[in-house]
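Single-structure report; data block below.
The values are calculated or read from the model by the stated rules, or taken from the named source; none is laboratory data. Keep in mind it's a predicted model, so treat the numbers as computed, not measured. With ideal geometry, Cβ positions are generated from the backbone for all residues, glycine too; neighbour counts draw on all protein chains shown. Calculation scope for accessible area: heavy atoms of the full protein, side chains included, ligands and nucleic acids excluded. Shrake-Rupley method; radii C 1.70, N 1.55, O 1.52, S 1.80 Å.
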Amino acid sequence: MSGRRVRIIGGIAAAVLLGGSAWALFNGRTVAPAAPAPAPRFVDESAASGVDHTYDGDSRFFVGGGVAVLDCNADGMPDLYLAGGAGPAALFRNESPIAGALSFARVPGAATDLPDVTGAYPLDIDGDGLTDLAVLRAGENVLLRGTGDCGFERANERWSFDGGAGRTMAFSATWEGDARMPTLAIGDYIALDAIGTPLPPCPDNQMLRPADDDAGYGAPIPLAPGYCPLSMLFSDWDRSGRRDLRVSNDRQYYEGGQEQLWRVSAGSEPALYDGDDGWARMQIWGMGIASRDLTGDGYPEIYLTSQGDNKLQMLLADASAPTYRDVAVSAGVNAAQPIAGGETLPSTAWHPEFADVNNDGFVDLLVTKGNVSEQAGHATRDPSELFLGRADGTFVQAAEEAGILRFDRGRGAAVVDLNLDGLPDVVEVYLGAPVGVWRNVGAGSVDDPRPMGHWLALRLAQPGPNPDAVGAWVEIRLGETTLHHELTVGGGHLSGQSGWIHFGLGRSERAEVRVTWPDGTQGPWQMLDADVFAILERDGAPREWSPRNGETP
């Protein structure tokens, strides 16, 4: 991989100097792919979908506002858990007809209808095959254990989890070695007094590992210093098999701080990377993290949202050190000012997410935007952006063409195929305005949806702890092109997903698939037809699943 990385770096340097013509090298493709598809059409079904919910509240909730996507009743359909801020959070069960209009029903429950929720992340904490929820709050965080049929119960005491009493705005999780439960990272934001004035300094963050007796979690391990994080992500950034913790921090409230990367090795205390390790000091108004291999070389690029300039970071050299170069301007995803609305003040960006919304095989990028509240010096009309990936490795803006232009204050989001038609839809949370829900109808219309390319949706399954194989890498080979996807829990802006992993395949009617499992074991290449849902079981043949047969995935 290292030789290829050096060649791609040369392409990046050339692109910075010469413009987009050199960006073909950025994709690492030896055979030119098909031309990228145009923007898909999104239909606003916010009101018709039944997702009647608003995230709102006082200054404690100006940041936050996440959505968790999970399958809470094992029917294969993505359900939604939405933060409510000062109001109650809400669980919505997906009742959409396959390939039809989006439809959800509220599932009330004492466990889920918590107040003061800022965001949530789904994962199977106890390995029982039922998805659980890590619920982040301004106050005590709560782990909810899934009990089946969209039921949940509080599990803090069951798992010896101390939920604290801070204002939590960042979370990530991973499995270390053969641990029975995941390691959790929790990031608390600055406290506020009764009238909303910040109370410095930023609190320390925490990492929780399972106790030696496997009875639950041990004492929290401080991650000090803390610099007011708004996103965290465990990731195998150097493909070493170790999953380090990246922390993106809000410069608004720290002095002398910076972005952070913690080295996390099983059995050892976490340690910060510094300049001697190749880590370059960077200070931004860090909001969200997205990670995806955009070059085809197997290493993830990192997108960081901020106020004003956003960052697209790419590893330099051979990945022996965490040294990155920012290529956001050359790639066309700097997104520093609003794309519509007539304002020229700096933007405020929150949730970034990579996905292929038009199934052309080129990765796209959603970036939500919105003023913190009425913050002076920053745009108040600041719509979210949708960037479409192009063959030369750059991106082009397409939010207005796609039909998702809206001027409410965006926060968390999800790009997910809600009606299992192979076209990723969009859910976006706003501060003080109803949740937005858009159905992707591809190249067609609301009455006549039409596909735009082939696709593949995968789930991973393995026995024992970590049944969903968090930490695995999935490779999709299309001729000379290889797509890489790392299965993670965390990142975004207080929003996460579990369930189907979506890949656009363009014109390819078949694809070869390979999984590198969390322990480093590499499975064989296996051929799959396009336009199917498939479950990849460790040491087993792929199993196709149909959303129309009523079976549990």
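Please name which of ALA83, ALA99, GLY464 has its Cα lying farthest along the dipole of the chain towards the positive end, using unit charges on Cβ (Lys, Arg +1; Asp, Glu -1) and the Cα centre as origin. Value: ALA99. When restricted to Cα atoms, the range 81-161 yields an Rg and a Dmax of 13.2, 43 Å, respectively. Identify the residues of the range 361-395 with backbone N under 19 Å of a label point that sits 7 angstrom from the Cα of ARG450 along the Cα-to-Cβ direction, or state none. Inside the label zone: 361. Taking every protein chain into account, the accessible area of the range 70-205 amounts to 32 square angstrom per residue (probe 1.4 Å). Mind jotting down the distance between the C-alpha centroids of the range 132-152 and the range 271-318, whole Å? Their Cα centres are 30 Å away from one another.
Its convex hull of Cα atoms gives the range 440-548 a direction-averaged projected area, equal to a quarter of the hull surface, of 8.6 nm². Under Stokes-Einstein, with the Kirkwood radius over Cα pairs as Rh, the value for the chain at 10 °C and 1.306 mPa s is 69 µm²/s.
When the dipole is taken about the Cα centre of the range 348-413, and only Lys, Arg (+1) and Asp, Glu (-1) are charged at their Cβ, what size is it in debye, to the nearest 20?
On the way: 6 positive and 11 negative charges, 59 e Å.
That gives a dipole near 280 debye.
Solvent exposure of the range 251-390 amounts to 33 Å² per residue of accessible area, where only protein heavy atoms count and the probe is 1.4 Å. Across the accessible surface of the chain, with the other protein chains kept in place and a 1.4 Å probe, carbon and sulfur atoms take up 49 percent.
Set the Förster distance to 25 Å, then compute FRET efficiency between LEU192 and GLU255 from the Cβ-Cβ distance, nearest 0.05.
Details: r = 18 Å, r/R0 = 0.71.
In this case the efficiency is close to 0.90.
Computed about its Cα centre, the charge dipole of the chain is approximately 1000 debye, with only Lys, Arg, Asp and Glu carrying charge at their Cβ. Its alpha carbons give the range 214-369 an Rg and a Dmax of 16.6, 57 Å. Taking a point 7 Å from the Cα of ASP531 along the Cα-to-Cβ direction, the residues of the range 448-479 with backbone N closer than 14 Å to it are 449-457.
Give me the compactness ratio for the range 288-405, meaning the Cα radius of gyration over 2.2 N^0.38 Å. Please report the intermediate quantities before stating the final value.
Details: Rg = 14.5 Å, N = 118, 2.2 N^0.38 = 13.5 Å.
Dividing the Cα radius of gyration by 2.2 N^0.38 Å gives 1.07.
Once Rg and the Kirkwood radius are both taken over the C-alpha atoms of the range 188-297, their ratio Rg/Rh works out to 1.01. For the range 103-221, the alpha-carbon radius of gyration amounts to 1.12 times the rule-of-thumb value 2.2 N^0.38 Å expected for a compact globular protein. Taken along its three principal axes, the alpha carbon spread of the range 368-485 comes to 50, 39, 33 Å, from the longest extent down to the shortest. Along the chain, the longest continuous region that contains none of the GluC sites (Glu not before Pro) in a DSSP loop with at most 10 other C-beta atoms within 10 Å is 1-156. Pairs of Cα atoms nearer than 8 Å and 6+ residues apart set the relative contact order; for the chain it is 17 percent. Per-residue ellipticity at 222 nm from helix content only, as computed over the chain with -39500 (n - 2.57) for each DSSP H run of at least four residues, stands at -1000 deg cm²/dmol.
Which value, in debye to the nearest 20, describes the size of the charge dipole of the range 407-553 about its Cα centre when Lys and Arg Cβ atoms bear +1, Asp and Glu Cβ atoms bear -1, and nothing else is charged?
Working: 12 positive and 20 negative charges, 41 e Å.
With only Lys, Arg, Asp and Glu charged at Cβ, the dipole is about 200 debye.
Here the range 20-171 is described by how far its Cα atoms reach on the three principal axes: 56, 37, 35 Å, from widest to narrowest.
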